[in-house]
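Reading through the structure tokens given below for one structure.
The values are calculated or read from the model by the stated rules, or taken from the named source; none is laboratory data. These numbers come from a predicted model, not from an experiment. All Cβ positions, glycine included, derive from the backbone under ideal geometry; neighbour counts span all protein chains shown. Quick note on the areas: whole protein, heavy atoms, side chains included, nothing else; ligands and nucleic acids left out. Shrake-Rupley method; radii C 1.70, N 1.55, O 1.52, S 1.80 Å.
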Amino acid sequence: MIFRLLVSFRIASVALVLVALTPMQSSAQVSLPEHYPLALPGPLQLESLDTLKVYGDFLDIRISPTKGPSQILWAAQALPQTSVVTNLTTIEAPVLSPSLSVSESQLIIRAESEVTRYYLDIQLPESWQYQLRVYGAGDINTIGVIGKLTAWSSRGNINVLEQAGPVSLTAMDGVVRVQLLESALSGSSAITMNYGVTSNSALNIALPETARATIRVQAYGGLSSDIPSFQNERPNRVEHDYSDYLEMKLNGGGGDLTLRNLKGDVNILRALPQ
Amino acid sequence: MTESDNNKLQQWQDALGDDVLVVWQALDVYETPSPLRSISVRKPWIAFGKLAAVLACVGLVSLLQWQSLQQSKALREENIQLRLLSRDALVQLAVLSQIQNLPREATLSFVPQLMHVFTTSEDPNVQLSALELLVRLQIINSTEDLPTLASERRQAQFINATYKQLYGE
């Protein structure tokens, strides 16, 4: 009994020391939506950077480029931990801020923790490119990105709106919704989605009616579109020994766009005018 | 008829008697053969030389064109290989799309690079595009042919599971 009290006292004092050393956070849960700003490099150094890489385990990311000052806000919530020994008080791990580093022209944020769920709200200059990886679970939401965007989430949804640059998106267990602008289709893009045990979880992608693209589709389900030029054109089914896909050209063809939904339908929708 | 013709006719008449007219008229049916022309004897080696020169020119042009094509092909292959090894996933996606449109024989030359991209890429879409090419080339025919992926564990599991779903066991 005394031994167990001493152990719990030592654990609590270690936790208090960690809390004292760790800036800008509390040892208890951080209640949302209270966010804290990450200390970014100085303006001169920031001007020399053009790519943001984000790595996280349990992480929700929101990106909205800005013409104003850059800022990155973060929030965190300790994930519930259960103690193996039932009569000890559950100690929540202290919440640490995401780490930030610079390498060549890249700004790198690591929010890697198996006991903390992070939230990042990122506002950087419009021309930046983004590489986002969520290894555990979390959603990725972007709006108005002009540069290249590569993102994959192990378990979570990906929503990309008003995307002006090419994309490579993978939701290993989640839903993807994408709106591409005409300029995004000048290069090669690929979107892969895999969600749910049952089918009928659709990959929805909105394209401008006047865009030019060469589209390849692999869908477990069907392919639908409300774009007028597709109403009169039947896609070609290209068959190989082990797999086949549908291929079609939008307005005569252009940049390559590969769409895969391993468990459901693909819907190619006509984007509303901006 | 001229006077000369009359004299000739009289000579023929003296010789042939009543048959002279038949013979004389027959002579008029056929055209007078054109005089013989002298044929200049060409030196055979000049003709042969001209032919050889023409053939040499054609051969030289063909050789230059072939060399140019080979150089273009080598440059294209080098360009493709460099872009395959890019650390930018979207550059890799673009070059994989380009390779998909090449003939099979040309695609076979990129198999080592395709395997490297498939095993090391951190982008699932790049891996799936490379995998599709390797399956199409019949380099990978079953799950047993799948190499060990260097990518993060969950990504590797996803790619392996996707292979089974798209291509069977």
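How large is the Kirkwood hydrodynamic radius of segment B:54-132, counting all unique pairs of alpha carbons, in Å?
13.9
Name the residue farthest towards the positive end of the dipole of segment B:65-163 from the options B:Leu128, B:Gln71, B:Leu90, assuming +1 on Cβ of Lys and Arg, -1 on Cβ of Asp and Glu, about the Cα centre.
Comparing the listed Cα positions along the dipole, B:Gln71 ranks first.
Cα-based Rg of segment A:122-228 per 2.2 N^0.38 Å, rounded to two decimals? Let's see the in-between values first.
Working: Rg = 13.6 Å, N = 107, 2.2 N^0.38 = 13.0 Å.
Here the Cα radius of gyration is 1.05 times the empirical estimate.
Tally Lys and Arg at +1 and Asp and Glu at -1 over the other residues with C-beta under 13 Å from the C-beta of A:Asp139: what net charge comes out?
Within the 13 Å Cβ shell, the charges total +1.
With the calculation restricted to Cα positions, what are the radius of gyration and Dmax of segment B:82-169 in angstrom?
12.0, 34
Mind jotting down the distance between the C-alpha centroids of segment B:60-128 and segment A:34-80, whole Å?
Between the Cα centre of segment A:34-80 and that of segment B:60-128, the gap is 36 Å.
Could you state how much accessible area B:Lys164 has, in square angstrom rounded to the nearest 10, with a 1.4 Å probe and all protein chains kept in place?
In the full protein context, B:Lys164 sits at about 100 Å².
How big a patch of accessible area, both sides summed and in Å² to the nearest 100, lies buried between B and A at a 1.4 Å probe?
2600
Find out how many positive minus negative residues lie around A:Ser201, taking Lys and Arg as positive, Asp and Glu as negative, among other residues whose Cβ is under 14 Å from that of A:Ser201.
Spelling it out: positives minus negatives among the neighbours equals +2.
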